[in-house]
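Peer 1: One structure coming up, written as structure tokens, with questions to follow.
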There are 2 protein chains.
Amino acid sequence: MTRAAHQDADVLRLKRLGIDTYQELVVFMARSSPVCRSEGWAAQSRIQVTLDRRSIVATLNVTTDGLLAPDEISLSEAAWTTLGANSGDLVRLSHAPPLESLSSLRAKVYGERLDAGAIGAIVRDIVAGRYADLELAAFVTAFAQSAVDVDEATALARAMIDAGDRLYWGRSPIVDKHCVGGLPGNRTSMIVVPIVACAGLTIPKTSSRAITSPAGTADAMETIAPVDLDLAAMRRVVEREGACIAWGGRVRLAPADDIIIGVEQALDFDSPVQLVASILSKKASAGSTHIVIDMPIGPTAKVRSPAAADSLDALIRTVGAGLGLALRVVRTDGTQPVGRGIGPSLEARDVLRVLRLANDAPRDLRERALRLAGDVLEIGDAVPSGRGISRAREILESGQALHKFEAICAAQGGMREPKRAPLTHVVAATRRGQISGIDNRRLARLAKLAGAPRAPTAGIELHARLHDSVRAGDPLLTIHAEAPGELEYARGYLAANPQLVSVDETL
Amino acid sequence: MTRAAHQDADVLRLKRLGIDTYQELVVFMARSSPVCRSEGWAAQSRIQVTLDRRSIVATLNVTTDGLLAPDEISLSEAAWTTLGANSGDLVRLSHAPPLESLSSLRAKVYGERLDAGAIGAIVRDIVAGRYADLELAAFVTAFAQSAVDVDEATALARAMIDAGDRLYWGRSPIVDKHCVGGLPGNRTSMIVVPIVACAGLTIPKTSSRAITSPAGTADAMETIAPVDLDLAAMRRVVEREGACIAWGGRVRLAPADDIIIGVEQALDFDSPVQLVASILSKKASAGSTHIVIDMPIGPTAKVRSPAAADSLDALIRTVGAGLGLALRVVRTDGTQPVGRGIGPSLEARDVLRVLRLANDAPRDLRERALRLAGDVLEIGDAVPSGRGISRAREILESGQALHKFEAICAAQGGMREPKRAPLTHVVAATRRGQISGIDNRRLARLAKLAGAPRAPTAGIELHARLHDSVRAGDPLLTIHAEAPGELEYARGYLAANPQLVSVDETL
């Protein structure tokens, strides 16, 4: 095969067209190219592009109207980056080698069980960029099926760990916390991390950007300090401060996860198995040994019922045990958003209010963070059982947590104040009554339509909480946006979904 | 929503760049475009493009290097066609409306049952071009799960019928035959159709192009006569000759099927539910009432075992009954390819040999076609039960079938001889022995690597059949190709897969 593939190789010159396809690797070639003809390639053919010793597999888009000369090819922006190529470089083209792991993927689609070897091969091919976006979508869908069992979930998590770098810290415990998500504004990590570090524990927190939510911890943190740290920078920050709050995508910890998340984001879904594999592979890759999992439960949170929580809890514990991790799952209230802001900057502002002990700091965010910090202190054996939350409160109220947070930001490259959005629109109650329901999902969608997380200052500021009494004209929420079109779009969605915040007139 | 979407609308000028992305609808826009900024669009945003009263939803690719001016946008070739646009036209852009049916798709991914309403909404959105390729891949994968039940399969088939045109012939029976596939070279339809039409039955045969095989009936027929008939042309041919052999993709019969097949082809998989929905929706849309299904069974055919045949048979009967169709499922030998050729032209040549009663006509292809034609004659009540095959043989041997086939070709636009490939490579036995196994799947893959079905004359000619004795040096098969790269690639694959045709030395 290799020999034949080499004989097929054809050399062409790269020309930059500047086409951004997000993460899909695309190669553009003229229909008039002799290579296209001799190799029998057409739009959607999978082609291997080799520069020196580096190769990518890309999907062909054929150009017809003189965009490219017959001896030229171009790449999508993601493909330029992955291949490390420059305009003018000469590359060799050949048929993409057959992808054996696709047979296993097909078997999984049809409901067969896969062993660890098959799952490992799939994940390695994904990390190597050999899966087309369509194939990634099939992978995400197949592993979202209920027919995926715990052994497969464990194998998936382990394969995701093995297909990337892994940090070793030379000490134990290495603690961490993670929220399974689904609750807008739940930015406790940025408070928990400095508290825990003050108590002498090591907490190298890597977090993701938003998957289907208006903001991830990395998005919010980035409005205050750089989060795009490489392994060396992250290690330096942690050695100095005992903690970091970094984006996990830059350090190659479980890189399969970032690719998979890109597709989940486009499809706007994820699944228990992928959620667990994603969380635990990232944590284990970061060298964490003792982990607290925040699991908010509520009718419009990611985990909707105690029964769903039981099953996710069991999956987390089983997979975690398989990976040798000590875990504590903490069930929390998921009936309404946490804090006031929803969106990167707005959430970051809430966090700073708590750390700065401001009078207007959101009490619910503070209390959740203290509870979770207490759990981390206990699981990490920094305090005796039952003493965690009071110790966490001491650290916060003494100002040590703020000081540590500032030190972490400085170590990551410097602290700044989160910006405010240029455009806002206040939505007021149209009648008096009591707030009887807040739809997390629709609220998250509203914040996303307003531009979050891509537009960091965009999002929603909630002025009312469940059971609050309001009068007609009282502000319920403020939409923040960076672009007029997005503000309008969010307003249109709100007009069509007035039940997003329910006001009950029984008062 | 509608009002807000209209306020968002922005007008830009279309410029043709000539980028062929296969069937994915893509819109290209400069990052410097004020619209991109004001709407908050980025690569992979879903955007509605409206020309006069016609709209498409396309995926955004952002251009950075001066390819487009700030007030220009471009489209992928498929999007130009679907929108019916020309370079210089002014189009309105707006955010794609939220796609409610995606919630149902997500529910299906997680294993929930969908009702007919939910499935209908998904299929209508697919036909309207509102699903991105990633979402189509998720759809195909979700409906390939074993957790899809017969009610869902029936609802899917019915939705596919409803979301397209339907032919009414004003008489009954309207007969048809279809093969579930997986058996290279099984081109019986082109023989069955003229025989059945000679007996006075109406058989408006529409067939697909290859999904995962080296040739579909439409691909093979196209090497002899035009198959790209619109509804009026198809009706004219059938009124004149009682039959046609047309490509089903042009007439809007179950158009969802063609979109789904495009994705299945890229993913190289399909599933029982989609197979049955695809077959029966096409047949019912074409107005057929009585249908014979050829189901080849063999270890490397699509249906691998009697047990798999039982389950597919049951699914076909149940869904067929739900659609009001009379069905006969005929199980046939699927242990080796039918006839000699694999690939559009090569298979067409085998068909012509049978119709022309040539001495070198493949006997197996003739006998299978006669058996199936006999079944169609019986289910269509043209002959008493048990008399079908002998009547079919009379019609073939009298030369009437050839005459009818030529008349059908003439009515479809004119008959021509299938061409031969410019490049061939003969593979000979390396030792004496008996042919003990032929791997249909690998053989199909080999024919596809050689260029079939896109290159119509490409494919494989088999010189030996199961249980034949061969000596060292005897030709086993000939690879046919149109491009040197493809010939090399096929040879490389064969070298790596010598067990494709097994020779047992026990002789």
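The values are calculated or read from the model by the stated rules, or taken from the named source; none is laboratory data. Just so you know, these numbers come straight off a predicted model, no measurement behind them. Using ideal geometry, Cβ is built from the backbone for each residue, glycine included, and neighbour counts are taken over all protein chains shown. For accessibility, only protein heavy atoms count, side chains too; no ligands or nucleic acids. Shrake-Rupley method; radii C 1.70, N 1.55, O 1.52, S 1.80 Å.
Peer 1: Could you identify the single residue in A:Val192, A:Val175, A:Val123 that is touching a Ser or Thr at 6+ places or on another chain (Cβ under 8 Å), modelled with pLDDT of 95 or more and more than 26 Å from B:Val148 (Cβ to Cβ)?
Peer 2: A:Val175
Peer 1: Restricting attention to the range A:65-84, does a residue exist that is within 14 Å of chain B (Cβ to nearest Cβ), among the polar types (S, T, N, Q) and assigned to a loop (DSSP other than H, G, I, E, B)?
Peer 2: No: the range A:65-84 contains no residue that is within 14 Å of chain B (Cβ to nearest Cβ), among the polar types (S, T, N, Q) and assigned to a loop (DSSP other than H, G, I, E, B).
Peer 1: So, one more: Conditions first: (1) touching a Ser or Thr at 6+ places or on another chain (Cβ under 8 Å); (2) within 14 Å of chain A (Cβ to nearest Cβ); (3) of a type in the set (Gly, Ala, Ser). B:Ser207 passes all but one, so which condition is the exception?
Peer 2: (2)
Yes or no, residue by residue, for (1) more than 22 Å from the chain's Cα centre (by Cα); (2) within 14 Å of chain B (Cβ to nearest Cβ):
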residue: A:Ala118; (1), (2): yes, no
residue: A:Ala121; (1), (2): yes, no
residue: A:Asp125; (1), (2): no, no
residue: A:Leu134; (1), (2): no, yes
residue: A:Phe139; (1), (2): no, yes
residue: A:Ala142; (1), (2): no, yes
residue: A:Val150; (1), (2): yes, no
residue: A:Thr154; (1), (2): no, no
residue: A:Met160; (1), (2): no, no
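Peer 1: Would you confirm whether any residue within the range B:407-418 is of a type outside the set (A, V, I, L, M, F, W, C), open to solvent by 60 Å² or more (accessible area, probe 1.4 Å) and either closer than 28 Å to B:Ala301 by Cα or assigned to a helix (DSSP H, G or I) (or both)?
Peer 2: No, the range B:407-418 contains no residue that is of a type outside the set (A, V, I, L, M, F, W, C), open to solvent by 60 Å² or more (accessible area, probe 1.4 Å) and either closer than 28 Å to B:Ala301 by Cα or assigned to a helix (DSSP H, G or I) (or both).
Conditions tested, residue by residue: (1) surrounded by 21 or more Cβ atoms within 10 Å (Cβ to Cβ); (2) within 9 Å of chain B (Cβ to nearest Cβ).
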site: A:Arg471; (1), (2): no, no
site: A:Ile479; (1), (2): yes, no
site: A:Pro484; (1), (2): no, yes
site: A:Tyr489; (1), (2): yes, yes
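Peer 1: Hey, another quick one. Just a yes or no: is a residue in the range A:211-219 open to solvent by less than 10 Å² (accessible area, probe 1.4 Å), within 14 Å of chain B (Cβ to nearest Cβ) and not charged (D, E, K, R)?
Peer 2: There is at least one residue in the range A:211-219 that is open to solvent by less than 10 Å² (accessible area, probe 1.4 Å), within 14 Å of chain B (Cβ to nearest Cβ) and not charged (D, E, K, R).
Peer 1: To continue, here is another question. Is there a residue being more than 20 Å from B:Ala142 (Cα to Cα), open to solvent by less than 10 Å² (accessible area, probe 1.4 Å), in contact with a Lys or Arg (Cβ under 8 Å, 6 or more places away or on another chain) and at pLDDT 90 or above anywhere in the range B:269-284?
Peer 2: Checked the range B:269-284: at least one residue is more than 20 Å from B:Ala142 (Cα to Cα), open to solvent by less than 10 Å² (accessible area, probe 1.4 Å), in contact with a Lys or Arg (Cβ under 8 Å, 6 or more places away or on another chain) and at pLDDT 90 or above.
Peer 1: Follow-up question, since we're still on this one. What pairs can you find where one residue is in the range B:410-422 and under 19 Å from B:Ala243 (Cα atoms), the other is in a loop (DSSP other than H, G, I, E, B) and open to solvent by 70 Å² or more (accessible area, probe 1.4 Å), and their Cβ atoms are less than 6 Å apart, with a gap of 6+ or different chains?
Peer 2: Pairs that qualify, where the first residue is under 19 Å from B:Ala243 (Cα atoms) and the partner is in a loop (DSSP other than H, G, I, E, B) and open to solvent by 70 Å² or more (accessible area, probe 1.4 Å): there are none.
Peer 1: Could you please let me know if B:Glu461 is of a type in the set (D, E, K, R), open to solvent by 10 Å² or more (accessible area, probe 1.4 Å) and touching a His at 6+ places or on another chain (Cβ under 7 Å)?
Peer 2: yes
Peer 1: Right, another one. Is the range B:436-448 home to any residue that is among the hydroxyl-bearing types (Ser, Thr, Tyr) and within 13 Å of chain A (Cβ to nearest Cβ)?
Peer 2: The answer is no; no qualifying residue exists.
Rundown of residues vs (1) touching a residue at least 60 places away in the same chain (Cβ under 8 Å); (2) under 23 Å from A:Arg158 (Cβ atoms); (3) in contact with a helix residue (DSSP H, G or I) (Cβ under 8 Å, 6 or more places away or on another chain), yes/no style:
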{"residue": "A:Ser271", "(1), (2), (3)": "yes, yes, yes"}
{"residue": "A:Ala277", "(1), (2), (3)": "yes, yes, yes"}
{"residue": "A:Lys282", "(1), (2), (3)": "yes, yes, yes"}
{"residue": "A:Ile291", "(1), (2), (3)": "yes, yes, yes"}
{"residue": "A:Pro296", "(1), (2), (3)": "yes, no, no"}
{"residue": "A:Ala307", "(1), (2), (3)": "no, no, no"}
{"residue": "A:Asp310", "(1), (2), (3)": "no, no, no"}
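Peer 1: Which ones in the range A:78-117 are surrounded by fewer than 14 Cβ atoms within 10 Å (Cβ to Cβ) and of a type in the set (A, V, I, L, M, F, W, C)?
Peer 2: Residue satisfying the conditions is A:Leu90 alone.
Peer 1: Being crowded, with 19+ Cβ neighbours inside 10 Å and touching a residue at least 40 places away in the same chain (Cβ under 8 Å) is the filter here, so list the residues in the range A:492-507 that pass it.
Peer 2: Within the range A:492-507, A:Tyr493, A:Leu494, A:Leu500, A:Val501, A:Val503 qualify.
Peer 1: Okay, moving on. If you take the residues of the range B:169-210 that are of a type in the set (Lys, Arg) and not in a strand (DSSP E or B), which of them is surrounded by the most Cβ atoms within 10 Å (Cβ to Cβ)?
Peer 2: Going through the qualifying residues, I end up with B:Arg187.
Peer 1: In the range B:362-396, which residues are over 28 Å from B:Gly341 (Cβ atoms), touching a helix residue (DSSP H, G or I) at 6+ places or on another chain (Cβ under 6 Å) and free of Cβ contacts under 8 Å to residues at least 60 places away in the same chain?
Peer 2: The answer is B:Glu378, B:Ser385.
Peer 1: Something else about it: Scan the range B:250-263 residue by residue and report those that are within 12 Å of another protein chain (Cβ to nearest Cβ) and surrounded by 24 or more Cβ atoms within 10 Å (Cβ to Cβ).
Peer 2: B:Val263
Peer 1: I'd like the residue in the range A:52-77 that is under 24 Å from B:Pro484 (Cβ atoms) and open to solvent by 20 Å² or more (accessible area, probe 1.4 Å) and, out of all such residues, is nearest to the chain's Cα centre (by Cα).
Peer 2: Restricting to residues being under 24 Å from B:Pro484 (Cβ atoms) and open to solvent by 20 Å² or more (accessible area, probe 1.4 Å), the top hit is A:Ser55.
Peer 1: Report, by residue number, each residue of the range B:1-33 that is at pLDDT below 90, in a loop (DSSP other than H, G, I, E, B) and more than 7 Å from chain A (Cβ to nearest Cβ).
Peer 2: Across the range B:1-33, the qualifying residues are B:Ala9, B:Gln23, B:Glu24, B:Arg31, B:Ser32, B:Ser33.
Peer 1: Using beta carbons and a limit of 7 Å, which pairs, at least six apart or on different chains, have the first residue in the range A:89-100 and under 10 Å from A:Arg130 (Cα atoms) and the second one in a loop (DSSP other than H, G, I, E, B)?
Peer 2: So the pair list comes out as A:Pro97/A:Met1; A:Leu99/A:Arg130.
Peer 1: Here's something else I'd like to know. Note down all Cβ pairs under 7 Å where the first residue falls in the range A:331-345 and is under 18 Å from A:Met295 (Cα atoms), the second is in a helix (DSSP H, G or I) and open to solvent by 10 Å² or more (accessible area, probe 1.4 Å), and they're at least six residues apart or on different chains.
Peer 2: That search, which allows pairs on different chains as well, returns A:Thr332/A:Arg368; A:Val338/A:Asp364; A:Val338/A:Arg368; A:Gly339/A:Asp364.
Peer 1: Hey, another quick one. Looking at (1) assigned to a loop (DSSP other than H, G, I, E, B); (2) closer than 30 Å to A:Ala147 by Cα, which is the only condition B:Leu156 fails?
Peer 2: Going through the list (1) assigned to a loop (DSSP other than H, G, I, E, B); (2) closer than 30 Å to A:Ala147 by Cα, B:Leu156 breaks only (1).
Peer 1: Given the criteria part of a loop (DSSP other than H, G, I, E, B), within 17 Å of B:Val26 (Cβ to Cβ), within 14 Å of another protein chain (Cβ to nearest Cβ) and under 33 Å from the mean Cα position of the chain (by Cα), does B:Ala43 qualify?
Peer 2: Yes; evaluated as a whole, the condition is true for this residue.
Peer 1: Continuing with this model, one more query. Inside the range B:335-361, can you point out the residues that are part of a loop (DSSP other than H, G, I, E, B), open to solvent by 10 Å² or more (accessible area, probe 1.4 Å) and aliphatic (A, V, I, L, M)?
Peer 2: Residues satisfying the conditions are B:Leu357, B:Ala358, B:Ala361.
Peer 1: With the condition kept exactly as written, say whether any residue in the range A:362-369 is open to solvent by less than 10 Å² (accessible area, probe 1.4 Å) and touching a strand residue (DSSP E or B) at 6+ places or on another chain (Cβ under 6 Å).
Peer 2: Checking the range A:362-369: not a single residue is open to solvent by less than 10 Å² (accessible area, probe 1.4 Å) and touching a strand residue (DSSP E or B) at 6+ places or on another chain (Cβ under 6 Å).
Peer 1: Filter the range B:225-268 down to the residues that are assigned to a loop (DSSP other than H, G, I, E, B), charged (D, E, K, R) and over 20 Å from A:Leu134 (Cα atoms), then identify the one that is modelled with the highest pLDDT.
Peer 2: Only one residue tops the list, namely B:Asp228.
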